[in-house]
1. Ranking request for peptides 296-309, 219-232: highest mean number of other beta-carbon atoms within 10 Å first, then the rest in descending order.
2. For residue 81, what charge total do you get from the other residues with a beta carbon under 14 Å from its beta carbon, if Lys and Arg give +1 and Asp and Glu give -1?
3. Assign one of three labels to the stretch 176-327, namely rounded, prolate or oblate, based on the Cα gyration tensor with a ≥ b ≥ c the square roots of its eigenvalues; rounded applies when a/c is under 1.5, prolate when it is not and a/b is larger than b/c, and oblate otherwise.
4. Would you mind checking the pairs 164/249; 216/249; 177/204; 145/204; 170/216; 99/216 and listing those with alpha carbons more than 26 angstrom apart?
5. Would you calculate the separation in nanometres between label points at residue 127 and residue 285, each defined as 7 Å from the Cα along the Cα-to-beta-carbon direction?
6. Determine the sum of side-chain charges near residue 242: Lys and Arg each +1, Asp and Glu each -1, restricted to other residues whose C-beta is under 12 angstrom from that of residue 242.
7. In nm, give the distance between the simple-model label positions of residue 176 and residue 93, each being 7 Å from the Cα along the Cα-to-Cβ direction.
8. Give the calculated FRET efficiency between residue 313 and residue 103 to the nearest 0.05, with a Förster radius of 45 Å applied to their Cβ-Cβ distance.
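Values in this text are rule-based calculations from the coordinates and carry no lab data. In this text, all values refer to a predicted model and were calculated from it rather than measured experimentally. Heads up, the Cβs are rebuilt from the backbone with ideal geometry, glycines too, and the neighbour counts pull from every protein chain shown.
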Amino acid sequence: MDMANDPSTLAGPLSDSVQPEIKALVAAEIPDVIPSTLFEGSARRKLFVTHPFRVLSLGAGLDSTTLILLSEHGELPRLDAAIFADTQAEPQYVYNTLKWLTSAVSIPIYRVTAGNLETAVLDAAQHMDKRLSAGHVGQPPFFVKNVPNVNYATAVSGGTLWRKCTHDFKIVPIRRKVRELLGVKAVGRLPNGVHVEQWIGFTKDDLGRTFCSDVKWITNVFPMILPLQMSRRDCASWLEAHGYPIPQKSSCVFCPFHRNAYWVDMRDNRPDEWHRAVQFEARLQQGHLPGVRGIPYLHRSMVPLPMAPIDALDGGTPELFCLACNT
């Protein structure tokens, strides 16, 4: 099991420096909020904004699950919506968490999708859709072993592909749904005074992962970094203190960013998903991704997953992340 998701490694009381700070900041900063039913009328609804439209990018992992529950408990301002972007390639436990959350909170949760990421990638690799090119596939960051070629310089070890899956299958469908909830067109400027505050479930452990929105009408905020200064351990402790289960990591079954411990847990405890990942990689290698030179792999060792050295300790290797994923 990945130690980052092992409840026994996360359990423990909130740090003394965090607990009083949470209480003080919550008491000082939570304003009166308006109901989550912001809209009335037909398609062109009139929006009365007394605060930004607050929406959570929900991954149904430990961090974002804690964040929506903090809002539900009133320890953060009330969210107006939470949006889960479904790649249709998540582990079953993520969908189980999502189903439980939907019944556990009163905050509206919306499930959106840009399609099946697994099918899209394999269709591109096997040229099922001739319109697809390197820039039109929600491409995960596969590890690619370069092959010798006299026409271009190549490294022996290879590297990772440019990641497009997060943008195409997470960010885009979430923004489309946000605009729908605001009652505005799918493209174009928003009316004056309308602004979106998008919550992302990064903890203070993820300080280096924070990023600004690339559109003016959305501001990315990270409440567990500021004001709460909560770590992943704090999240797990808060969930346990309130009687909630501790969710596992949210990510696609075949994400190349998995650590060895995650692959081992999948192989040993979720054989159906392990078989799915192995078969996905095999089919991927039988085809050819548009614009990609070399052979794609799911493991950083760049050998087929069944042969990869996943039983080796991760050691000091940092876990890789997909920005909006893994929360």
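1. On the way: 296-309: 17.5, 219-232: 19.1.
Taking the mean over residues of other Cβ atoms within 10 Å, the ranking is 219-232, 296-309.
2. Details: positive: 54, 78, 111, 175, 176, 177, 179; negative: 72, 80, 180, 197.
Net charge around residue 81: +3.
3. Taking the square roots of the gyration eigenvalues as a ≥ b ≥ c, the stretch 176-327 is oblate.
4. Table pairs above 26 Å Cα-Cα are 216/249; 177/204; 145/204; 99/216.
5. So the label points at residue 127 and residue 285 sit 2.1 nm apart.
6. That sum, taken over residues with Cβ under 12 Å, equals -3.
7. Going by the 7 Å Cα→Cβ label model, 3.0 nm.
8. For R0 = 45 Å, the calculated efficiency reads 0.70.
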